[in-house]
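What follows is a short report on a single structure.
The values are calculated or read from the model by the stated rules, or taken from the named source; none is laboratory data. All of these numbers come straight from a predicted model, not from anything done at the bench. Cβ placement follows ideal geometry from the backbone for every residue including glycine, while neighbour counts extend to all protein chains displayed.
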Amino acid sequence: MGSEHSSSSPRPSRRQFLVGLGSATAALGAPAVLAGAAPAGAATTPPPPPAPPTPPPLNLSDIQGNVLGGFNKDNQTLLALTFPTTSAGRSWVQSVRAQIASASEVTSFNSARRAVAQRAGAQTSLLTSTWMNVAFTYAGLTALGVNSTDLSLFPQEFRSGMAARAPQLGDVGASAPSNWPLPFQRRAHALLILAADTATDLSTLTNRQLALAKKLGVKVLWTQQGSVRVDQPGHEHFGFKDGISQPGVRGVTTPSDPANPDQGIPGQDLLWPGEFVIGQPTQVGGTQPLTAMGPPSVGGPAWASNGSYLVFRRLRQDVAGFRDFVAQTAAAQGISTDLMGAKMMGRYKSGAALETTGAQAADPGLSDPTLLSDERVNDFEFGGDANGAVVPLAAHIRKTYPRDAQTRDGGEADTQTHRIMRRGIPFGASLPAGTPSTDPAARPAYPADRGLLFLCYQSSIRRQFEFVQSRWVIDPNFPRTDAGQDPVIAQNATPGSFTLPGGQPNHIALMQRFVTTTGGDYFFQPSLAALQRLAGGAPAVAAGVALPLATAPSSGSPRPPASPRRRRSKVRRPKRS
């Protein structure tokens, strides 16, 4: 699908023009040279590649903050809401609109916080803040009175919703929507994402929003809290460091090395923002270079510009079952549990990359912290390991991001057209080490279960999240025939196997699944300007486009209450060292 993008020839930048002008000027005074010959003593190295086109400026003040900035908070709560009437829904949107954090605010705050931490050290006070973003299902946009013409322009997968797409995603059997906890079987209209550095601040923010919803007659369908694990911060419940390999974004991510402007940290390719934000330039794919700029992404009516599609999945994790499987398989293979886990995940639990370190009996990131530095943790490719001798072809991080490896779906340029921006956070209490799988605490029922609140942003749910899930993760023949299923997150009804090159045997049977979907849906996260439109206010302007008002049967809208005070930034001494 990535090869379907095309790019018109961009106008040369001022830098390219001056370089070309300088070359032409030099040629005027140079002696004649025969075609195909080089001047005496001249270097024969090829000219440097042309500079990538300059991205158009992003209006970060119009894009919601979690999309490109990332909240990066230890405590988050998701509130799923339904609107009993159009007027109640619009009044609620109008009331929360002024509190929505923009990408400009979030990126600026995150940069300031990093600077304070680097200057003062982890033992001193840090800046804190509270953030809020909002997104809507297709049913929610309908409930808000969006006209039928605009509704018809949204992609079919978004209109259908996640539950209807379950067969394509592998959400069958235990993961089927009919088996989700009852609150998640009903479709929400809106999802409110609340985030704070401290549990106290999050509780205050959440209670304020619950009170507002009650006052306006908006119904709370369910609440779900997530938090960073206290025993292993930054690690998901299976014990692995999470969120390492995020794509960088041109115009947002600052390259750590000015001499390499096409990467953020080493190994982090910068992608065009249209992969995550509607109406912005996209990746091209095919035989074009990674830096080639494609056409703007399209994902709905004109007022969808600067919006993004949010996928939410509540994923329950069978931690005891995963631990047992790794230990038993490691024993059968005659290797350590550290290495067996790394073969399944593609990284050791510390985050150290297996492709970088090679097979180690003990997690090398624990003895060599430099492997976890920004300069090394993500700086690797899979092209030199074509057969999966180091990192199996079905290892989780290789299945979900094949990097430069050639696959049946193309090369690296094509792979980059399927990236997603992940914003997940764990939920539930950690399972103490050594807890037997027979202990009732190992597999508690909802709502006491544990897992991951998976959230990701993209400009196309079909081309990005659904493609990765159905075409890569659960297909045993990706990236090549007989590679096997992703041994960590595959959602097939009948577990298959994955191939372990050099293993005895080399086909490892997956007798059970370790991750079960227990809820989720597809949401549209509009721009801040579009929120004004959804509130039924005056025509808004986003990216220079005048937005028409939504139409709906008139009804008496209650007077919206005064907007609660906007989020705050302050200096606070952390509770833990």
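Worth pointing out:
Yes/no per residue for (1) charged (D, E, K, R); (2) without any contact (Cβ under 8 Å) to a residue 60 or more places away in the chain; (3) in contact with a strand residue (DSSP E or B) (Cβ under 9 Å, 6 or more places away or on another chain):
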{"residue": "337", "(1), (2), (3)": "no, yes, no"}
{"residue": "351", "(1), (2), (3)": "no, no, yes"}
{"residue": "356", "(1), (2), (3)": "no, yes, no"}
{"residue": "409", "(1), (2), (3)": "yes, no, no"}
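- Any strands (runs of 3 or more DSSP E) falling wholly within region 126-236 and containing at least 2 residues that are over 22 Å from the mean Cα position of the chain (by Cα): 126-136, 219-227
- Residue 115, sole failed condition from (1) in a loop (DSSP other than H, G, I, E, B); (2) among the hydrophobic types (A, V, I, L, M, F, W, C); (3) loosely packed, with under 13 Cβ neighbours inside 10 Å: (1)
- Qualifying residue in region 380-393 (condition: more than 20 Å from residue 344 (Cα to Cα) and either touching a residue at least 60 places away in the same chain (Cβ under 8 Å) or in contact with a Lys or Arg (Cβ under 7 Å, 6 or more places away or on another chain) (or both)): no
- Out of 80, 115, sole residue that is closer than 19 Å to residue 64 by Cα and either out of contact with any Asp or Glu (no Cβ under 6 Å at 6 or more places or on another chain) or not charged (D, E, K, R) (or both): 80
- Residue match in region 174-186 (condition: among the charged types (D, E, K, R) and farther than 22 Å from residue 458 by Cβ): yes
- Every residue from region 365-381 that is more than 14 Å from residue 263 (Cα to Cα), within 23 Å of the chain's Cα centre (by Cα) and of a type in the set (S, T, N, Q): 373
- Residue 106 out of contact with any Asp or Glu (no Cβ under 7 Å at 6 or more places or on another chain), in a helix (DSSP H, G or I) and modelled with pLDDT of 95 or more: yes
- For region 469-521, a residue qualifies if it is in a loop (DSSP other than H, G, I, E, B), of a type in the set (Asp, Glu) and in contact with a helix residue (DSSP H, G or I) (Cβ under 8 Å, 6 or more places away or on another chain), and exactly one does: 486.
- Selected residue (only one of 203, 256, 227 is surrounded by fewer than 20 Cβ atoms within 10 Å (Cβ to Cβ), touching a Gly at 6+ places or on another chain (Cβ under 8 Å) and at negative phi): 256
- Condition met for residue 402 (within 19 Å of the chain's Cα centre (by Cα), farther than 18 Å from residue 235 by Cβ and either modelled with pLDDT of 95 or more or not in a loop (DSSP other than H, G, I, E, B) (or both)): yes
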